[in-house]
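Report on one structure; see the data block that follows.
The values are calculated or read from the model by the stated rules, or taken from the named source; none is laboratory data. In this text the structure is predicted, and so the values were computed from the model without any measurement. When the accessible area is computed, the model is the full protein with side chains, heavy atoms only, and any ligands, DNA or RNA have been set aside. Shrake-Rupley method; radii C 1.70, N 1.55, O 1.52, S 1.80 Å.
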Amino acid sequence: MEPTGEEWAADEWPTETGVSALAVHEHTEPVAWIRDYGRAALDRLPPAFDAVAARIRRRLDEAAADAVRDAAGRASEPVLFPWDLRPGNALVDEGGVAAVLDWESPMVAPAALAVAKVEYLVVDWYLDDPSAERAAFRAGYETVRRSPDIDPLSRALAIADSAVDSTGTVTNPMYPELDREAAISFHRTALARTR
């Protein structure tokens, strides 16, 4: 019997432990997962976000089941994607996207949350008026698969998760990057629009 990806990596090449087969180690019900994910994202937000985070927390408690269903009310098909897909993590050549970097922590999540996260990092993050790019992003997505309806809770959780890094440091959108206070205002404004 051949070893699994993790056993192979640990036994044969200990320095490559992160290079292993993708596997689900523990099944979590979708509603519980979205609640845990949302609470973790909201808990990392600094005090400057308290008012908007409280509103999103209430919505999370009330509408988590809706965030894991599609427009027809069926359980959303989870999708695999790189959790930090943004221009800085994509290499492009004359033929289009040549490589996607930073795949060490891919996620499986409801499609609406996945698309909302990428849309925030790819479209909203860099532009004062992202309306044309948002339309292009969604049209491009539709060439591959039907675009999910992005509910306000999924969008809010995607923004909350993107507003700070894993240590709780506020992230700096735009180019050139906004300073901390302007970044807080940028993310708070985006969260306030998710009503």
Inset, instruction - Quick one: which residues, 5 or more positions from V164 or on another chain, have an amide H under 5 Å from its amide H? H modelled 1.01 Å from N in the peptide plane, none for Pro or chain starts. - result: T171
Legend entry - Using distinct alpha-carbon pairs, which all enter the 1/r mean, Kirkwood radius of region 69-131 in Å: 13.1
Legend entry - Rounded percent of accessible protein surface that carbon and sulfur make up, region 38-174, 1.4 Å probe: 55
Inset, instruction - Collect residues whose amide H, placed 1.01 Å from N in the peptide plane, falls under 5 Å from the amide H of A90; neighbours closer than 5 in sequence don't count. - result: L101
Inset, instruction - Averaged over every viewing direction, what's the projected area of the C-alpha convex hull for region 20-163? Give it in nm², one decimal, please. - result: 10.1
Legend entry - Y141 accessible area, 1.4 Å probe, all protein chains in place, Å² to nearest 10: 50
Legend entry - Accessible area of region 30-135 divided out per residue, in Å², using a probe of 1.4 angstrom: 52
Inset, instruction - Tell me which residues come under 5 Å, amide H to amide H, from M107 once H is placed; ignore anything under 5 positions away on its chain. - result: F81, W83
